[in-house]
Each structure stands twice: as structure tokens, then as C-alpha cells.
1. Taking helices (runs of 4 or more DSSP H) that fall entirely within region A:126-201, which contain at least 3 residues that are away from chain B (no Cβ under 14 Å)?
2. With respect to the numbered conditions (1) crowded, with 20+ Cβ neighbours inside 10 Å; (2) facing another protein chain (nearest Cβ under 9 Å); (3) in contact (Cβ under 8 Å) with a residue 24 or more places away in the chain, which one is the sole condition not fulfilled by residue C:231?
3. In this structure, is residue A:124 modelled with pLDDT under 75, over 16 Å from residue A:24 (Cβ atoms), surrounded by fewer than 20 Cβ atoms within 10 Å (Cβ to Cβ) and out of contact with any helix residue (DSSP H, G or I) (no Cβ under 6 Å at 6 or more places or on another chain)?
4. Can you name every residue in region B:47-81 that is facing chain A (nearest Cβ under 8 Å) and either out of contact with any strand residue (DSSP E or B) (no Cβ under 6 Å at 6 or more places or on another chain) or without any contact (Cβ under 8 Å) to a residue 40 or more places away in the chain (or both)?
5. Can you find, within region B:131-147, the residue that is modelled with the lowest pLDDT among those that are part of a loop (DSSP other than H, G, I, E, B) and buried (at least 22 other Cβ atoms within 10 Å of the Cβ)?
6. State the number of residues belonging to region C:88-132 that are assigned to a loop (DSSP other than H, G, I, E, B), under 29 Å from residue C:46 (Cβ atoms) and out of contact with any strand residue (DSSP E or B) (no Cβ under 8 Å at 6 or more places or on another chain).
7. When region C:165-210 is examined, which residues are found to be within 23 Å of residue B:135 (Cα to Cα), out of contact with any helix residue (DSSP H, G or I) (no Cβ under 6 Å at 6 or more places or on another chain) and more than 7 Å from chain B (Cβ to nearest Cβ)?
8. Residues that are in the same structural domain as residue B:179 (by TED's automatic domain parsing), over 18 Å from residue B:188 (Cβ atoms), exposed (fewer than 15 other Cβ atoms within 10 Å of the Cβ) and in contact with a helix residue (DSSP H, G or I) (Cβ under 8 Å, 6 or more places away or on another chain): does region B:60-67 have at least one?
């Protein structure tokens, strides 16, 4: 009953708030080489808009790569030297918008919004003054210069498939035994619970590894997805995520008594949050704060950050160790919880 | 003592499944729990096979406590739950090998034990279990439960929904297993199977009505049962129930089993009455008491 | 006995691929008779019954049920029969009244008819005080009696009972049969399968199916005479044994 009536409400709320291609409070950095009156005005204007939040001021182009690798800051606004002078002397000055295009949608929107703010600034200015100023904007895209959608799509699909195969199939195959009554016979056997579970889970580990490999290979060779970072690291992280998903599946099977419940739990409890809250389709940064906080408990969010960082940004473990640790922690938590929940008896 | 049950009770949120049950099964005995669906047989089986905890009471299996020593018990028993518990999409051979592996043995190791049963299903050994007929499924399940040479065999309604031929064969197999020293606890809703056990417990609504050997239960029964037959059986039952001193009247095979309240009952009186009711081909004789008669009487007394 | 045929089959067969489940069976069932349909597991009983109630098409042969051809007029067959099986009886999460209303509705009874029938049925079964109880809370025996009555709601000419008494206690089983007798006396034909051989003795005539064929069909008394045994159980064992 709760699932039937509660879920639709929860979903419509989620979609209403989360599904928005608008951006909200996107974190950006400013590299202001000119530091004059006009750039300050522009920066204030940007800072005042609800779309952007200026997280950091940087002083050199060399820092850009590092901040993008961390993944928090999505764009850098670069004002050229002598901005005000150029504006006055040549009636034209340059601003560069450098975006992290590993999420092409967000990158696109950021560029458009920034352009709009700059245009707005010029118009206001031109009303007062007689000369016609112009700001020349240049866009530079990091990681994904062609803005290919497939770059978000591949990691997203990989996450969904791994969750689907690992968590859903495991939970269903274990609850199936409960339904058929074979679990009763397995219980009344010298096998200990760990052996039963490992036996059920093993085929799905194997299957998931094959799936992950196929998706990566297709991504690289058919869609031209780069693997900038280490392939071994990618494999390790994928394996870690498979284990996370499997432990979730086991956890579900300790709670669910029937295949139907297991299926509902996996679909509603795992798939939808992955699609909505993991940042796969909708940027987390533009969700309302409560959803942003909730998104932190979704393993898929961390996995998507990790594989994007490895594949597109060439990040090494030094950069993604935090996300990796979070995944490991979650996995251990799920495993411990399932062991605690696993019953050596019926009921 | 192979199985010892002392004052076991178990209730579910809505129903009382078994209430204060005690009994013992001796080593090498073929012990039957006889009762209809919902009597509490399955609950009792689950408690004894350590997959369910009783609310109250104590039970030991092969001298081991069902709660503390559950791991040791699980190594020593074979269990065939009421629901058909095999892998439907595995073949006969695959199922056997699977269960052999689980119990850390092989099909060959204990082959002599299951041989007689196995040869009956061997011609179909590559057929999937889901595609077998009821009788064959049941034989396969028995093989699987026997594969690790258990000391005690728990069979929960192994013959339910199975035709008389397969049921007869199944009981013959149980007798042979018993001769090999295996203690067997079996439950059934079929009263005619009760006579094949060494001792039985008649169970209804979570309570034991009687425990004894089938012979004793029948011979200790002190009411005389008459078998009555006329041309129209339905009318006969209705009329017998209207007879002033009637105690019970139940259809029983081709006859109606009739018990009178009066110890000094005179069948000729009844015959006269039936004639008055326009019955023809009247035949009244003393019937041989069966377990089913006793069970029905106990049920009536209990209600 | 009324000699009006209510079920009549001629060379009825059903094949699944190369497997012949029902092999050329021909028999008649007369109006108002209690007809026992026996056979070992896998002998083809269920398949044959499915064809007679119009939910499975025969591969070849003909069957008339309540005067309608099961091949071409299955919908009319379904309107004129009642069906009850051990597996499907009633909705456990509806009350007795709701179940009766639901099934009455399915069989096209109008509001008043349903009201009338409900009152009648409930008083016959003595369930007046339980009418608003969930069916799931009833003992198995009561459920069976209730679902038998529900199968009769639309006054069908024939009722098919598929192992109606499996797992029921001996007394309830007999009470159930008394209901069957009463219904047969009203002229309803009863077609019943069972694994209890003493119940076979309660039937007017029984047929025994072995490997897709009807091996014997007669009154229990005659069958016992023919095979020179004292119970139907022995008749059954003799017949089925011969084949294996």
C-alpha cells in the first residue's frame, strides 16, 4: 500500500524539483587579470544572480586544470588584461568562459546564462553612455570539446545496468528460493549463510564484469569516448561498484519475502533514485538543497563522479580517493547490515 | 530417543498454530502425524528441523537441542518440506548432484541408499524437475533428502495431491528405508496411510488428540460402528441423522458408518425404522473400526 | 436415473507436440448424476477437464457440454457450468459477502438476484454471523463449502469440481459430500475428480483414466465386481499397475 500510494507522490515531487535543466547556484571561479572597476561590476552582477555562486578567485590559468579535476567548480570566467582600457579604447573587451564539458548540458547552459548576463550588462551601459561597447565572449570547453552527449550517457548507462543486473537480479534470485521453498532446504543443510549468499551472488559478479567491459568497449570504440586515466583504476572502481550493488541486492533479499516485493524495492528504491538523483540526467548542483543532501547517500552518484573523472579527466586515485572511500564505506555498511538481517531461520 | 518434544507452543500473529504439544519418537521408528490442513503439522516440522523457533517448550532431535545445536542437527537430518522444494529448471541428475554437493557428499557415495528409488526415475534423468509428474517429483525429492544418509528423515505431507498408486509405492519405499535404520517422521492428511506407521499422533487445530500405535488406537476404541447400506445413500444419511438415538452417521466408502448413543443398540429396530422411511435393499452389519472413524469421533468430541 | 445426456464426448483428443495427453476418449454423463473422474497424476485428467469447461481446444474429436460444442461455442459452455478447484476458490482479502457479490456479478446476475442468492446461501451454510468476515480467516473446510455454493450461484446445469476436498478434515469432507448429494438431487450434474478412493465410492459412476485413455467406466459396485475386489482403491491400483 505504501509503495502503491506513497511512491507516486514521492516521484512527482522528485521530478518536479529535480528535473530541471535550469541551473541554480552553479559553482564557478573567476580569473580576473584586469581587476578594474568594470570587471568588478560584472562580477558583482554575476554573483548577484541566483544561477551562479562564485566559489573562488584564482590568479593563473595553470590552476584551471586542477580545479576542474576536483569536479566541484563547473566553469571559470576569465577577464583579459586591461579589460577596462580595451573597452574604452577599442570599444571591445574579451571574456573567456571556460567550462567543464564532461556534463555537456550543464556546460551549455552555463555558457548561455553567462552570455545573457554579459549582454544585459552591455545594454545597461550603452543606455548611459553614448559609445557602443561590446564584449567579445569566447567559449572554451574542457574534456569534451564537441559537447557529445554520449560522454554523460555512457557512464550513466553503465551505472544503471550494473545496478540492475547486480542488485535486482541478486535480490530476485534469492527471494525466488524463498518462494519455491528451496531456501527451506538450504537452511536445513550444513551450508552456512555466507556460502549460500556467495553461491547466489557469484554468477552475477561475473555477469556484471562482462557487462561493464562491454559498455566501456562500446563507449570507446563506437562513440569515441576517451579513457584518459588508468584502465586498471577504472576496472577496480567498476568492480567496487558491482560489489556495492550486490550487497544492496542481498540487503533487499533479506527484507523482501517475495520476488514481487524484491522487484518493486529494486525498481523504486534503486533505479529511480539512480536516474533522478545521481546526476546522470539532471545536474545535482541545481537541485534544491534537501535533494542535494539526499543525493549523497546514493552510491551511484559517487560512482558516476569517479568514472567521469577517470575517463574524461584522466584523474588518478589521488583525486578520487575520497569518493572511492565513500563507496567502500557504503559497501561495508550494506554487507554488515545484510549479515545482521540474514536469518538462519524462517520468519 | 530420536525426537523428543516437550510442551511446544507456537502462534502466529493471527492464529495459534500448535499448542502445548509433547511426544517422543523412538529410534528407528516410523512415526506419523495425522491431521488435516491447518492442524499445525508444518509448524511442528519447521520447529524440529530448526528453521522456526517455538514460543514455548523444548525439543531435541537426535539428542541435540533444536535451538542451541541447530547447526549439528542440520547435518544429521533429511528434510522434505510440504511445498515441492527442488530446482524446477534443473534436471533430475543436476538436482541430485546439487544437493550432494551442499551436503559435502557425492551421488556415488550413498548410492546404495537411494538406489531403489533412483532407478525408478533414472530413465528421465535428463528431464527438468518442473516437467515431472507428481509421483516422480516426490521420488526425486525423497532421493535429495536422503543423499547425505541422514539419521532422521522429516517428510512433510509427501503424498498430498499424489495418486493412490504413487502413494502406495512411496510408503513401500519408506518401509524399506526404515529397515535400514532411519528414523522417519512423516505427516499426512490421508487417514488410510496412518495404518502404515508404527505409531501415530492424531492432530487437529494445534492439539494432539491421541498418540499410540494404529492397532491400539483402533482396538481401544470402545464404540461399536455399524455399516449401513441402502439403495439411496444420500437419503439414508439424512434419515439416519433423524433417528432419535443416533450419535453419528458418516458416508464411508460404499456404506454409511453409523454409531448409536445407546450401548444396547438393536440393529433390527433401525432396520424397521429405515423400512418405514421407504428404504430398500437394507443391509446393516458391524463394521471394522478404522483410524478415520476414531479421528472423526475425536474431532466431534473436541468441538 | 434420467437418461438425458448432459456431457457427451466422441473421440476427444489433445496433443501437445508429440505428447498425447488425452487419447481418443468417448463417454457420456447423464443429467443429475455424480460422475467421478479418476486417474493417476499425469494421466490426462486435468487436460480433459480443461477441454470440457471450454478453456482448452481439443486437437480432434467432439464434446458437447450442456448442449453446446466446446470447440465452437465455448462461451455458451462457460455460461452453463460451474467450476471449483482446490487451488482457486475465493479471494482471501474480500469478505464473504463481497466474494458472493463479485462472482454473482461475473455470472451476470443482477443486483436483486445477488441479494436474494446471498441471503439464501448464507442461511443454508449457517454463516449469517460471519458474512462480513474475510474469507481468508475462515477454516479451509468452510472455504470449500462456500466456494462450492458460489460455483452454483448462477444455477449451472453442471458443476466441475477439481479435487474439492484435498487436505480437508474427514468430517468436513463428508459434510461437503452431503452438499454434493443434495445438489445432485436437485438435478445438477456433478463432475468431480479426487484422490480419495473412498470418495470414488460415493459417485454414481466413475471413470478411470490411465495414460490418456479411459480404461474403465461404470458404477463403483460393478467395477468392484468386474475386478473381483472389495474397494475402489484396489480397482484403481489394479488398473494403474497393469500399465507400469
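1. A:150-163, A:169-180
2. (1)
3. Values: modelled with pLDDT under 75: no; over 16 Å from residue A:24 (Cβ atoms): yes; surrounded by fewer than 20 Cβ atoms within 10 Å (Cβ to Cβ): yes; out of contact with any helix residue (DSSP H, G or I) (no Cβ under 6 Å at 6 or more places or on another chain): yes.
No: the conditions fail for residue A:124.
4. Answer for region B:47-81, where residues must be facing chain A (nearest Cβ under 8 Å) and either out of contact with any strand residue (DSSP E or B) (no Cβ under 6 Å at 6 or more places or on another chain) or without any contact (Cβ under 8 Å) to a residue 40 or more places away in the chain (or both): B:50, B:51, B:52, B:53, B:70, B:71, B:74, B:75, B:81.
5. B:132
6. The number of residues fulfilling the criteria is 7.
7. Answer for region C:165-210, where residues must be within 23 Å of residue B:135 (Cα to Cα), out of contact with any helix residue (DSSP H, G or I) (no Cβ under 6 Å at 6 or more places or on another chain) and more than 7 Å from chain B (Cβ to nearest Cβ): C:192, C:194, C:196, C:199, C:207.
8. no
The values are calculated or read from the model by the stated rules, or taken from the named source; none is laboratory data. What you see is a predicted model, and the numbers here were worked out from it, not measured in a lab. For neighbour counting, all protein chains shown are included, and Cβ atoms are generated from backbone atoms with ideal geometry for every residue, glycine included.
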